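> Before anything else, here's the structure in question.
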Amino acid sequence: MIQFERFLLANGLRVLVHEDASTPMAVVNVLYDVGARDENPDRTGFAHLFEHLMFGGSVNIPEYDAPLQRAGGENNAYTTNDLTNYYMQLPAENLETAFWLESDRMLSLAFTPESLDIQRKVVSEEFKEHYLNKPYGDAWMKIREMAYKVHPYRWQTIGKELSHIEEATLKDVRHFFFAHYRPVNAILVVAGNVKVDEVKSLAEKWFGPIEPGEPYRRNIPVEPAQTQARKEVVEAKVPLDALYKTWHVVGRTDHRYHAMDLLTEILGGGGSSRLFQSLVKEQKLFSNIECYHYGTMDPGLLAIEGKLVKGVSLEAAEAAVDREVEKMKEGLIDTRELDKVKNKTESMIAFEDMSIMNRAASLAFYELMGDATLMNKELGKYQSVSTQDILEEARSIFRPENSDTLYYKAAGN
């Protein structure tokens, strides 16, 4: 059970405090309720661009990392389609340094042509290196565009097109910042060797004076139910043929989420999973295969992907995958198999909770979902999933008309 206290500043900033006197460290985690799904379709990649810009200097602090390093701290950030999260860890006695740094960049970034130009080049190079020039790098760009027709999950967090980042202007980024990076759209979590009263005092001092901003109201188009199977074939200079199959699944807050998550583990959660045992070890059709999903807030995708053994056709590989998912629909699962993935999930949750950094990030995430106390109910929801729940989920997901398939062929095969 993760204990915490919650309070709200007058400007709308939600603050959660998790005390843990067993460590000399403190973690400060700031989650902004903005991700790639909140971008203009003609101006994508901005949420990820801001992950870089936020380290480029703010109004009163020209260089973010130097004072944090002098205080013995370290920091990082990540962006998803749903959120942007910044976090740092430092000795608890230097906690105020973290409040000073985080509040100043929430107050306002140092919007200069130089900082924008530097970060725009960094992100553009990342786009080229990981998505345009890397083998299979564009696979998920193609999959998302095939699977989503109206929802903004149809582009990656890096952006839909390189030109959107290359052509970003100071006016564009300033507007995006003041629309999203405001106290009313943020969650601050402080964890570690801290006291609630101390955090309240520091929060009021450093974050309290910041203008609240306007609450962001999402108006995201709902993706219509897919009624026909979709398929694409691409050819590129890659070492092996690869198969990608996806199916639409429920979002993170849906009551069916936990059954879907366990179903994914049964199929492709490591070397003892069904897909690996059958298609890699026994039939030797794939050199590797996995099944996963991204746990997105809005309805997302469950994916099965793998690289084929040379000489195996994509048609034969797909047919073998289809046979495995059909077995799930036939109810061929016993309680021992389900208990195994439940135990694995319980171990993963326990392992994550060992780190105060993970605890802080989880509290912020569950607060974003609606209530941080949900964090303490998660394990019970997994434990309550039955074999019948798995069967019903498999039958709901693995319908041919709900599927999208990408054949990624090695040129010359």
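The numbers here are math on the coordinates, done by the rules we state, and not lab data. The structure displayed is predicted, hence computed values, not measured ones. All Cβ positions, even for glycine, are placed from backbone atoms using ideal geometry, and neighbour counts span all protein chains on display.
> What Kirkwood hydrodynamic radius, in Å, does segment 193-315 give when the mean of 1/r is taken over all pairs of distinct Cα atoms and then inverted?
So the Kirkwood estimate lands at 18.7 Å.
> Using the number of other C-beta atoms within 10 angstrom as an exposure proxy, rank Phe351, Phe178 with the fewest first.
Phe351, Phe178
> Cα convex hull of segment 5-206: how many Å³ per residue?
Hull volume over Cα atoms, normalised by residue count, gives 133 Å³.
> Further question: Given Cα pairs under 8 Å that are at least 6 residues apart, what percent is the relative contact order of the chain?
22
> Give the share of C-alpha pairs in each 5 angstrom bin for segment 298-413, from 0 to the last occupied bin, in whole percents, shortest bins first.
Histogram of Cα-Cα distances, whole percents per bin: 2, 8, 14, 15, 15, 15, 13, 10, 6, 2, 0.
> Label-point separation (nm) for Arg217 and Arg174, each offset 7 Å from Cα along Cα-to-Cβ?
With each label point 7 Å from Cα toward Cβ, the separation is 2.6 nm.
> Let me ask another. Add +1 for every Lys or Arg and -1 for every Asp or Glu among the other residues with Cβ under 11 Å from the Cβ of Ala236, and state the total.
+1
> Quick one: which residues, 5 or more positions from Thr84 or on another chain, have an amide H under 5 Å from its amide H? H modelled 1.01 Å from N in the peptide plane, none for Pro or chain starts.
Excluding prolines and chain starts, which carry no amide H, the hits are Tyr32, Val34.
> If one computes the Cα centroid of segment 284-333 and of segment 62-137, what distance in Å separates the two points?
36
> In deg cm²/dmol, rounded to 500, what helix-only [θ] at 222 nm does the chain give when every DSSP H run of at least 4 residues adds -39500 (n - 2.57) and the total is split over its residues?
When only DSSP H runs of four or more count, the value is -11500 deg cm²/dmol.
> Give a quick list of GluC sites (Glu not before Pro) in segment 156-241 that DSSP marks as loop, anything other than H, G, I, E or B, with at most 13 other Cβ atoms within 10 Å.
Glu167
> In what order do Ser386, Ser115 fall by count of nearby beta-carbon atoms within 10 Å, going from fewest to most?
The fewest-first ordering by Cβ neighbours comes to Ser386, Ser115.
> Tell me, what ³J(HN,Hα) does each residue in segment 332-339 have, in order and in whole Hz, if you take phi through Karplus 6.51 cos²θ - 1.76 cosθ + 1.60 with θ = phi - 60° and put x for Gly and Pro?
With coefficients 6.51, -1.76 and 1.60, one gets 7, 9, 10, 5, 5, 5, 5, 4 Hz.
> Can I ask one more? Ranked highest first by the average count of other Cβ atoms within 10 Å around their residues, in what order do 6-19, 79-92 fall?
The most tightly packed comes first, giving 79-92, 6-19.
> Hey, if you drop one equal point scatterer on each alpha-carbon of the chain and run the Debye formula without solvent, what base-10 log of I(q)/I(0) do you get at q = 0.07 Å⁻¹?
-0.38
> Once Rh is set to the Kirkwood radius over Cα pairs, what Stokes-Einstein translational diffusion coefficient, in µm²/s, holds for segment 41-118 at a temperature of 25 °C and a viscosity of 0.890 mPa s?
184
> Let me ask something additional. Computed from the mean reciprocal separation of all distinct C-alpha pairs, what Kirkwood hydrodynamic radius does segment 249-366 have, in Å?
15.7
> Summing Lys, Arg as +1 and Asp, Glu as -1, what charge do residues with Cβ under 13 Å from the Cβ of Ala92 carry, Ala92 excluded?
Residues close to Ala92 contribute a combined charge of -4.
> When Met146, Met348, Met1 are ordered from fewest to most other Cβ atoms inside 10 Å of their Cβ, what list results?
Ascending Cβ contact count within 10 Å gives the list Met1, Met348, Met146.
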